[in-house]
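The values are calculated or read from the model by the stated rules, or taken from the named source; none is laboratory data. Every value quoted in this text rests on a predicted model; they were computed, and no experiment measured them. Heads up, the Cβs are rebuilt from the backbone with ideal geometry, glycines too, and the neighbour counts pull from every protein chain shown. What goes into the accessible areas is simple: the full protein's heavy atoms, side chains included, and nothing from ligands, DNA or RNA. Shrake-Rupley method; radii C 1.70, N 1.55, O 1.52, S 1.80 Å.
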Amino acid sequence: MTLTARQEEIKARFIEVRGAWGPSWDAILRLDPEFLLAYLDFSAVPWRQNHLTPQVKELIYIAVDANATHMYLPGVRQHVRAALKLGVPPAQIMEVLELCATLGIHAMNIGVPILVQVLEEKGLRTAPEPLTSRQEEIKAEFAANRGYWNPFWDEILELDPELFAAYTEFSSVPWRGGTLEPKVKELVYIAFDTAATHLYTIGLKAHIENAIGYGATPQEILEVMEIAAVLGIHAVTTAAPILEEEVRAAAQDGGAE
């Protein structure tokens, strides 16, 4: 389909601002170019302010798109490609994916306190048990590897220390051997905790505190949130091509009658 002059103008503007164009934008450009222009202005805010480097921005996009609560694979591919083009080592991209893989532990962070609440309501628990030497060892290892301790880990450590020991080892891999600076790691956690598909506010607060402790500025943290805030566009990038396909199919069916 031939683009109008206005559509060509918007496409050129998009490429100028965002540095790339992908097939996911084609259907939106054809169906509602002014909406695409409005999205461009919205999504370009962190690219105009540039508190984060372009490389870190692409890693944040990967974290938002690749985590288990979203899994927007066209975006993962687009931003992996962009990150590599900017010179980001593959090992750093893998490190971001490893950080994203920790999201599943939030089943425990949410579930265990509710379990404790029910046990207390039923008189099956009155107070936390003192930590054993093994539990103290696990706690110290987590703090050494991850650089912090937060009270939301206390009840998991108490009730299932071996699960927590295994999680400590699992989550520590990118912290022991990775090359991303700790601040960037914490920004990755912020990205998927603040995303609309997860909204894990307990972890979000902890990782904001950690990021600030590693030297992150409020502007950098806000920029991470701004990147996560455009996630809703994937409703359109996913569905607009389907709309186009169905419109064409309906037209063909109508022509056949």
| message | Every residue in the range 62-96 that is among the basic types (Lys, Arg) and within 15 Å of the chain's Cα centre (by Cα), please. | response | Arg77
| Of the residues Ala216, Ala206, Ala228, which single one is touching a residue at least 40 places away in the same chain (Cβ under 8 Å), more than 13 Å from the chain's Cα centre (by Cα) and open to solvent by less than 60 Å² (accessible area, probe 1.4 Å)? | Ala206
| said: Considering only residues that are out of contact with any Lys or Arg (no Cβ under 8 Å at 6 or more places or on another chain), in a helix (DSSP H, G or I) and within 27 Å of Ala91 (Cα to Cα), which ones fall in the range 39-56? | reply: Pro54, Gln55, Val56
| said: I'd like the full set of residues that are part of a helix (DSSP H, G or I) and either aromatic (Phe, Trp, Tyr) or open to solvent by 40 Å² or more (accessible area, probe 1.4 Å) (or both), limited to the range 57-79. | reply: Tyr61, Leu73, Pro74, Arg77, Gln78
| said: Anything in the range 143-156 that is more than 16 Å from Gln117 (Cα to Cα) and part of a helix (DSSP H, G or I)? List them, or say none. | reply: Ala143, Ala144, Asn145, Arg146
| Within the group Leu180, Leu157, Leu163, which residue is under 16 Å from Asn109 (Cβ atoms) and open to solvent by less than 50 Å² (accessible area, probe 1.4 Å)? | Leu157
| Does Leu187 satisfy the condition of being within 30 Å of Lys57 (Cβ to Cβ), crowded, with 20+ Cβ neighbours inside 10 Å and under 25 Å from the mean Cα position of the chain (by Cα)? | yes
| query | Conditions: (1) surrounded by fewer than 18 Cβ atoms within 10 Å (Cβ to Cβ); (2) out of contact with any Lys or Arg (no Cβ under 7 Å at 6 or more places or on another chain). Leu36 meets all but one. Number of the miss? | reply | (1)
| Which members of the range 95-147 meet the condition of being within 21 Å of Leu204 (Cα to Cα) and among the basic types (Lys, Arg)? | Lys139, Arg146
| said: Going residue by residue through the range 13-33, is there one that turns out to be more than 29 Å from Thr201 (Cα to Cα), at pLDDT below 95, in a loop (DSSP other than H, G, I, E, B) and open to solvent by less than 20 Å² (accessible area, probe 1.4 Å)? | reply: yes
| Among the residues of the range 111-142, which ones are of a type outside the set (Phe, Trp, Tyr), touching a residue at least 12 places away in the same chain (Cβ under 8 Å) and part of a helix (DSSP H, G or I)? | Val112, Pro113, Leu115, Val116, Arg134, Gln135, Ile138, Lys139, Glu141
